[in-house]
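Inspection log for the structure reproduced underneath, given as structure tokens.
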Amino acid sequence: MATAYPNEGPDKRLDLFAILKWLQNALSFHSARPPRWLLKETGWFQNWLPEQIEFVEFGIAWPPYLVSQIVRRDGDIRQVPVSLEHPDGLKWFPGSVLLFRVGWRYDPNWDGGGYIFPTIALKTDFGFPMEKGY
């Protein structure tokens, strides 16, 4: 039985009897080639700098992977310590992101890249969208 998930991060997992851990170790594979988008819709996200970031808002890729990221328009301006970057003591905080993904998730940081499967995630208060969609 495998002792760890492929490229395990700090996020929590629901895994009864370590079945998911076994499946991920058995079905995940290394590849330096990122997924091929079959359908990709992009959106724009305002970050804390005076620029916008383009990101994959909805996508279907091969190997089978689906991602949906919804940026909530709940951003606001908050009081921060006065600095060179914020001379008026105000800073824009962007809205949160609702993220759903399922399928073979590409992880470029997993020993030169690879696809981890099965993956399913629903994150309701993600700070920023994933620019590449994975």
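The values are calculated or read from the model by the stated rules, or taken from the named source; none is laboratory data. All figures in this text were calculated on a predicted structure; none of them were measured in a lab. Here Cβ is always computed from backbone atoms with ideal geometry, including for glycine, and neighbour counts include all displayed protein chains.
Scanning the range 68-107 for residues that are within 12 Å of the chain's Cα centre (by Cα) and in contact (Cβ under 8 Å) with a residue 60 or more places away in the chain yields Gln69, Tyr106, Asp107. Of the residues making up the range 77-93, those that are within 17 Å of Glu51 (Cα to Cα) and surrounded by 11 or more Cβ atoms within 10 Å (Cβ to Cβ) are His86, Leu90, Lys91, Trp92, Phe93.
Could you go through the range 96-118 and let me know if any residue there is part of a strand (DSSP E or B), among the polar types (S, T, N, Q) and under 23 Å from Tyr5 (Cα atoms). Among the residues of the range 96-118, not one is part of a strand (DSSP E or B), among the polar types (S, T, N, Q) and under 23 Å from Tyr5 (Cα atoms), which makes the answer no. Do the conditions hold for Asp74, that is, is it exposed (fewer than 15 other Cβ atoms within 10 Å of the Cβ), modelled with pLDDT under 90 and acidic (Asp, Glu)? It is true that Asp74 is exposed (fewer than 15 other Cβ atoms within 10 Å of the Cβ), modelled with pLDDT under 90 and acidic (Asp, Glu). Remark: Glu131 falls outside the filter, which requires a residue to be among the charged types (D, E, K, R), in a strand (DSSP E or B), modelled with pLDDT of 90 or more and within 14 Å of the chain's Cα centre (by Cα). Looking only at the range 106-134, residues that are crowded, with 20+ Cβ neighbours inside 10 Å, in contact with a Phe, Trp or Tyr (Cβ under 6 Å, 6 or more places away or on another chain) and closer than 28 Å to Gly75 by Cβ come to 2 in all. Filtering Phe17, Phe29, Phe58 for residues that are surrounded by 10 or more Cβ atoms within 10 Å (Cβ to Cβ), free of Cβ contacts under 8 Å to residues at least 60 places away in the same chain and out of contact with any Pro (no Cβ under 6 Å at 6 or more places or on another chain) leaves a single hit, Phe58. For Lys132, the conditions (1) under 23 Å from Pro6 (Cα atoms); (2) touching a Ser or Thr at 6+ places or on another chain (Cβ under 6 Å) all hold with the exception of (2). Out of all the residues in the range 15-34, is one or more assigned to a strand (DSSP E or B) and not small (Gly, Ala, Ser)? Yes - at least one qualifying residue is present in the range 15-34. For the range 22-65, the candidate set comprises residues that are closer than 19 Å to Met130 by Cα and among the hydroxyl-bearing types (Ser, Thr, Tyr); within that set, the residue that is modelled with the highest pLDDT is Tyr65.
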